[in-house]
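Engineer: Before I ask anything, let me first share the structure, which is written out below as structure tokens.
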Amino acid sequence: MRNLLVLAVALASCGDNEIPRPELDPVALVDINPDPATVEVELIAGHAMHELLPGKPAEVWAFRDGSVPNSVGTIPGPLLEANVGDRVIVHFRNELPEATTIHWHGLRVPNAHDGTHVSQTLIPPGGEFRYEFVLIDAGLFWYHPHVNGDVQVERGLYAPIRVRGGVEPEVAADRVFVLDDVKVEASGALSNTVDALDVMLGRQGNVLLVNGRSDARLTAAAGSRERWRIVNAANGRYFNLELPGHTLRVIGWDGGLLPEPYPVDSLVIAPGERYDVLVELEGEPGNELVLRNVYYDRGHNIPDPGPHELLAVELTYAGRAPAPLPDHWGEVAAISVDQAGPTRAFVLREDAESEAEAFFTINAERYPHVTPVSARTGQVEVWKLDNETEMDHPFHLHGMSFQVLDDSLTVPRLGWKDTVNVPREQTVRIAVQFGAEGRWMYHCHILEHAERGMMGELVVSP
Ligand code: C2O
Ligand code: CU
């Protein structure tokens, strides 16, 4: 995959009438393996400085490329870029002051490489671990620690994974946007305080980031079509994206392309979820479009703070008119569900020991004091996710994707998900076909909830 480097250099030096350089894009990890079907990278987690507020460098924790001399940690961490079918080898080193792991969110990896405390020994400060897996699915995924997650991810340890393959629509730019919010003090430093509201809703950041920047902007061609792959890496914030005057065409989700794309005027992205959209940038050269975050009612009577500008898109020149769209998109076979077959219920609840000490349970159990769910590879079950609380929870399953059967608020669509929002006081049913053997976690992706009990284990045997 060395040719990608060449391409990156070519893009960086292009003139006025060519594809704009994806200036906001995360840098890609350098592939040190000459075999075109293997992507081998060196990854380090450690201290870094980053401007969460422009001009105010702050100390954060971040990933960097260990194969690049003098590389520095970035937020988000470097993009892992590969093709479906590639073998990925990650030589990871922990330079943090505490133990960590890396979880490859959404990838179907062997259990020993899933990066949780039930699938591997924690990597101590100064320790190393070699992760290795083959990429089964194309799409946008992401990686982050799975130890002390609410703290480690908040400090900056998260990064995107783009796996190419399948239908590739013709676009003027294929961009990755990693969304986050951080709680920042006036000095620009990350706040270490966690108040009752942060526990209840997930850390409430006062600064919103697109690819690590609170002042994100990029240039694009007027009239062109772009592909935006978006992941919500925030601990607890729900994003609701809107590009006024534009429709976003959703072509893919967590686990890859959909068989049938659909249009939306605004796009809710719960923590952990990914969306793959096409957008045709209407306007004249010289115009500026603004991607903004608008209110989403996630429960607990959270007031509407008004729209927030996330990203400025400056149209610099007239682009080429978009090519016709492909006739076929993703191929997804529906999991066949026997209506009389097994259904398993998961009841989500919140509780509190005191005003300040909220905790969260699944089926009245508070992790780690849980009874694992047992299953066999290949079996199908319907999981009924029953949210009895007054706020939404995004439910995530490791190791395998699922299909949403019904969701009382939206039209269910065929496609692969690994994270689904369960709206407050609602039930969502999903079909799960159990995949690889091993001990897999499932949990709410509001990391403060996961770390305070809303987590369970699924044991799949052959
Ligand atoms: Cu992205 Cu278990 O998490
Ligand atoms: Cu939750």
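Engineer: Identify the single condition in (1) more than 16 Å from ligand 2 (Cβ to nearest atom); (2) buried (at least 18 other Cβ atoms within 10 Å of the Cβ); (3) within 29 Å of D198 (Cβ to Cβ); (4) of a type outside the set (F, W, Y) that I362 does not satisfy, given that it satisfies every other one.
Structural biologist: (1)
Engineer: How many residues does segment 140-149 contain that are open to solvent by less than 10 Å² (accessible area, probe 1.4 Å) and either near ligand 1 (Cβ under 9 Å from one of its atoms) or assigned to a helix (DSSP H, G or I) (or both)?
Structural biologist: 4
Engineer: Hey, could you check segment 19-58 for residues that are outside any strand (DSSP E or B) and of a type in the set (G, A, S) and say which is farthest from T316 (Cα to Cα)?
Structural biologist: A37
Engineer: Continuing with the same structure: Can you report the number of residues in segment 187-197 which are within 24 Å of M49 (Cα to Cα) and modelled with pLDDT under 95?
Structural biologist: Adding up the residues that qualify gives 3.
Engineer: State all residues of segment 150-183 that are under 15 Å from R237 (Cβ atoms) and either charged (D, E, K, R) or away from ligand 1 (no atom under 15 Å from the Cβ) (or both); if no residue qualifies, say none.
Structural biologist: Result: D150, E154, F177, D180, D181, V182, K183.
Engineer: Next question, about the same structure. Might you check whether a residue that is within 23 Å of P394 (Cα to Cα), modelled with pLDDT of 95 or more and of a type in the set (D, E) occurs anywhere in segment 97-108?
Structural biologist: The answer is no; no qualifying residue exists.
Engineer: Pull out all pairs, ordered by first then second residue, where Cβ-Cβ is under 8 Å, the residues are six or more apart or on different chains, the first lies in segment 386-399 and is at positive phi and within 11 Å of ligand 1 (Cβ to nearest atom), and the second is modelled with pLDDT of 95 or more and outside any loop (DSSP other than H, G, I, E, B).
Structural biologist: Correct list of pairs: G399/N111; G399/G438; G399/W440; G399/L458; G399/V460.
Engineer: Restricting to segment 403-453, give me the number of residues that are in a strand (DSSP E or B) and either within 16 Å of ligand 2 (Cβ to nearest atom) or touching a residue at least 40 places away in the same chain (Cβ under 8 Å) (or both).
Structural biologist: Matching residues across segment 403-453 total 21.
Engineer: Quick check, is V382 more than 13 Å from ligand 2 (Cβ to nearest atom) and touching a Ser or Thr at 6+ places or on another chain (Cβ under 7 Å)?
Structural biologist: When the stated conditions are applied, V382 passes them.
The values are calculated or read from the model by the stated rules, or taken from the named source; none is laboratory data. Just so you know, these numbers come straight off a predicted model, no measurement behind them. No Cβ is skipped: glycine too gets one built from the backbone with ideal geometry, and neighbour counts run over all protein chains shown. Accessible surface is based on the protein model in full, side chains and every heavy atom, while ligands, DNA and RNA are left aside. Shrake-Rupley method; radii C 1.70, N 1.55, O 1.52, S 1.80 Å.
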